[in-house]
Amino acid sequence: GGMTATSPMWMFQGIAARVGPDRERPRVRAYAGAATRGRKALFVARVSDNRGEARMRVDLLYRNQLVTRAMTLLKPVRWSIRQRFDSRAPLPRTLAPAAYRLCVTAWDRTGNQARDCARYLVH
């Protein structure tokens with residue numbers, strides 16, 4: 001929590017520093033979804049970390065083969081805010097219409113990581 005200090009000229013708010021090494025993994029939940037071949041895909045997940053920031057990688061897999069990937073740099077994350085990613089390019093029309101696997105991996109500044117996967121339909 002923060003602590004506020006005021007003077008006639010300024011107001012400051014300090015945040016308590018966490019002491020010790022960070023050994024806590026981020027929390028990740030991938031959400032099931034669907035996309036149409038020939039269009040961009042939207043992927044949704046929830047991510048949080050005890051230090052408040054994480055990097056994320058989203059993989060769309062078919063029979064354990066990578067179809068598309070989206071990544072972020074280190075950014076602020078909160079469980080209450082859903083993270084949204086897109087495929088940047090439309091999904092190839094040659095993809096088989098089937099159930100795919102969406103996997104979201106998050107890791108924090110110290111390298112602690114967590115992963116969650118969900119079903120993702122492509123039609």
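The values are calculated or read from the model by the stated rules, or taken from the named source; none is laboratory data. Since we're looking at a predicted model, the values are computed, not measured. Side chains are part of the model used for accessible areas, which takes the heavy atoms of the whole protein and leaves out ligands, DNA and RNA. Shrake-Rupley method; radii C 1.70, N 1.55, O 1.52, S 1.80 Å.
Observations
- For the range 8-123, the relative contact order comes to 35 percent (Cα pairs under 8 Å, sequence separation of at least 6).
- In this structure, the amide hydrogen of residue 87, modeled 1.01 Å from its nitrogen in the peptide plane, lies closer than 5 angstrom to those of 41, counting only residues at least 5 positions away or on a different chain.
- Accessible surface calculations at 1.4 Å, restricted to protein heavy atoms, place the range 74-123 at 62 Å² per residue.
- Max-minus-min Cα coordinates of the chain on each principal axis give 66, 31, 19 Å, with the largest extent listed first.
- Ligands, DNA and RNA left out, the accessible area of the chain computed with a 1.4 Å probe is 50% carbon and sulfur.
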